[in-house]
1. Name the helices (runs of 4 or more DSSP H) wholly within the range 139-246 that hold at least 2 residues that are touching a Gly at 6+ places or on another chain (Cβ under 9 Å) and buried (at least 18 other Cβ atoms within 10 Å of the Cβ)?
2. Find the residue count for the range 84-100, including only residues that are under 12 Å from the mean Cα position of the chain (by Cα) and open to solvent by 20 Å² or more (accessible area, probe 1.4 Å).
3. Just wondering, is there one or more residues in the range 57-64 that are modelled with pLDDT of 90 or more and open to solvent by 30 Å² or more (accessible area, probe 1.4 Å)?
4. Give just the number: which of (1) in a strand (DSSP E or B); (2) open to solvent by less than 10 Å² (accessible area, probe 1.4 Å) does THR71 not satisfy?
5. I'd like to check something: does the range 101-123 contain any residue that is modelled with pLDDT of 95 or more, over 22 Å from VAL40 (Cα atoms), open to solvent by less than 30 Å² (accessible area, probe 1.4 Å) and not in a strand (DSSP E or B)?
6. Sort through ARG231, ARG225, ARG171 and tell me the only one that's of a type in the set (Lys, Arg) and touching a residue at least 40 places away in the same chain (Cβ under 8 Å).
7. Restricting attention to the range 26-41, does a residue exist that is modelled with pLDDT of 85 or more, open to solvent by less than 30 Å² (accessible area, probe 1.4 Å) and of a type in the set (Phe, Trp, Tyr)?
8. Being hydroxyl-bearing (Ser, Thr, Tyr) and within 15 Å of HIS75 (Cα to Cα) is true for just one of SER234, SER226. Which residue is that?
Amino acid sequence: MQGQSQQQAYDRGITIFSPDGRLYQVEYAREAVKRGTASVGLRTPDGVVLAANRQVSSSLMERSSVEKIHTVDDHVGIASAGHVADARQLVDLARRRAQGEQLRYGQRIGVETLTRAVTDHIQEYTQTGGARPFGVALLVGGIDDGEPRLFETDPSGTDYEWQAAAIGGDRDVIQGYLEEHYRPDSDVDGGIELAVSALSAPEDGLVAPEDVDVATITTDDESFRSVSEDRLESILADIDEEVADE
């Protein structure tokens, strides 16, 4: 009983390490991310692709109200997995940092600089009494001086740079698909096809166009753009044809 009560004490306190060096609340936050619908990000020589599964729990729900991909600045976007409200708070923080950089220095914030600002904020909530960690992971993608960059943030406040990454539910399956099929020399259109195919990997077939949200930031104009549902339908039709030919 004594060991169980000690375990519960470590379990409740975000500022208390367990004897084996673990912060249980951070681990629970990671579990919250795993329970969210998946998001994918990948970079190509000519841009970054962000894609998210936005399936709704009811046919009565407005799909447009499910926000998984957010624009931060003209050259930066964020895809999330986990608690949507937590993601919204971090996206708002990122937007304020981007606007502050523009106002103070008259220049756009770097993608890595922005990611570090967000993860620094996340990390503070892993050592603050009376608070809890953010139950969300983010994929931050954008263009730095003509170079595509892609970062992942973790509930612990750690950031990683990736060529292609998945977060959220079925991450292992989707990440395995990306590792098998990712090509560094693919263009943005190929990146969109791969992102949609990766999100479909845990399913029996391809995701429906209305169940996926895709955005790109390209090097030619360094602008964030959402991919229309009509274009997604065309891309999914092309994928179907390729599968049939195989």
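1. 188-200
2. So the count comes out to 1.
3. Within the range 57-64, not a single residue is modelled with pLDDT of 90 or more and open to solvent by 30 Å² or more (accessible area, probe 1.4 Å).
4. Checking THR71 against (1) in a strand (DSSP E or B); (2) open to solvent by less than 10 Å² (accessible area, probe 1.4 Å), the one that fails is (2).
5. So far as the range 101-123 goes, yes, one or more of its residues are modelled with pLDDT of 95 or more, over 22 Å from VAL40 (Cα atoms), open to solvent by less than 30 Å² (accessible area, probe 1.4 Å) and not in a strand (DSSP E or B).
6. Result: ARG171 is the single residue among ARG231, ARG225, ARG171 that is of a type in the set (Lys, Arg) and touching a residue at least 40 places away in the same chain (Cβ under 8 Å).
7. No - not one qualifying residue is present in the range 26-41.
8. The conditions single out SER226.
The values are calculated or read from the model by the stated rules, or taken from the named source; none is laboratory data. Bear in mind the structure is a predicted one, so any value in this text is a computation, not a measurement. Ideal geometry is used to build each Cβ from the backbone, glycine not excepted, and the neighbour counts take in all protein chains shown. For accessibility, only protein heavy atoms count, side chains too; no ligands or nucleic acids. Shrake-Rupley method; radii C 1.70, N 1.55, O 1.52, S 1.80 Å.
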